[in-house]
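**Student:** So that we are looking at the same thing, I have put the structure below in structure tokens.
Just so it is clear, none of the values below were taken in a lab; they were calculated from the coordinates. Bear in mind the structure is a predicted one, so any value in this text is a computation, not a measurement. Please note: Cβ atoms are built from the backbone with ideal geometry, for glycine as well, and neighbour counts cover all protein chains shown.
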Amino acid sequence: QEVDGEITELLGALRIVTAAGDVTVSATEGGVALNKTVGAATNVQLPLASARGGLDVIVKDMKGDANTNNITVLPDAGDALAIDGNAQDILNVNKASRRYRPIAGGWLRV
């Protein structure tokens, strides 16, 4: 909760996404909450980890259909270490949220 509060204070609340299509998290926002009006699998593109200044990114399934419509989180192409060494991370549990911590050259799933 303390980290959530810090992110919200420094970068603002999570952006709520209701439109169809893939989503890109900017280097200046706390993350995204997906609440799409029409269910569909979604790719979420993380910013370059070094652009985050050490602050986490949060991805949340607000709609509650990630089990059926997976959320695939992708690192920036410039992050050689990717996400825990993997090319992607998949949220597939309804109402799940996940936090990604930037490290040198990539992201840790925490």
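**Student:** Note down the net charge around Leu48, summing +1 for each Lys or Arg and -1 for each Asp or Glu among other residues with Cβ under 15 Å from its Cβ.
**Tutor:** -2
**Student:** May I ask you to derive the FRET efficiency for Lys95 and Ser26 from their Cβ-Cβ distance with R0 = 25 Å, giving the value to the nearest 0.05?
**Tutor:** E between Lys95 and Ser26, to the nearest 0.05, is 0.55.
**Student:** Connecting C-alpha atoms closer than 10 Å in a GNM of the chain, tell me which of Asp89, Asp22, Asp56 has the biggest fluctuation.
**Tutor:** With Cα springs under 10 Å in the chain, the top fluctuation among Asp89, Asp22, Asp56 is at Asp22.
**Student:** Next up: Would you please give the FRET efficiency between Ser50 and Asn70, computed as 1/(1 + (r/R0)^6) with r the Cβ-Cβ distance and R0 = 25 Å, to the nearest 0.05?
**Tutor:** 0.35
**Student:** Follow-up. Name the residue, out of Val57, Val23, Val38, whose mean-square fluctuation peaks in a Gaussian network model built on the chain with Cα pairs under 10 Å.
**Tutor:** Residue with maximal mean-square fluctuation among Val57, Val23, Val38: Val38.
**Student:** Using the alpha-carbon atoms, what tilt in degrees (0 to 90, nearest 10) does helix 2-11 show relative to the longest principal axis of the chain?
**Tutor:** 90
**Student:** Round to the nearest 0.05 the FRET efficiency obtained for Ala87 and Ala13 when R0 = 41 Å and r is the Cβ-Cβ distance.
**Tutor:** That gives a FRET efficiency of 0.90.
**Student:** Now for a different question. Of Ile58, Ile71, Ile16, which has the largest mean-square fluctuation in a 10 Å C-alpha GNM of the chain?
**Tutor:** Ile16
**Student:** With 10 Å bins from zero, work out the P(r) of the chain over every alpha carbon pair and list the percent per bin.
**Tutor:** Whole-percent P(r) values from 0 Å outward: 16, 51, 31, 2.
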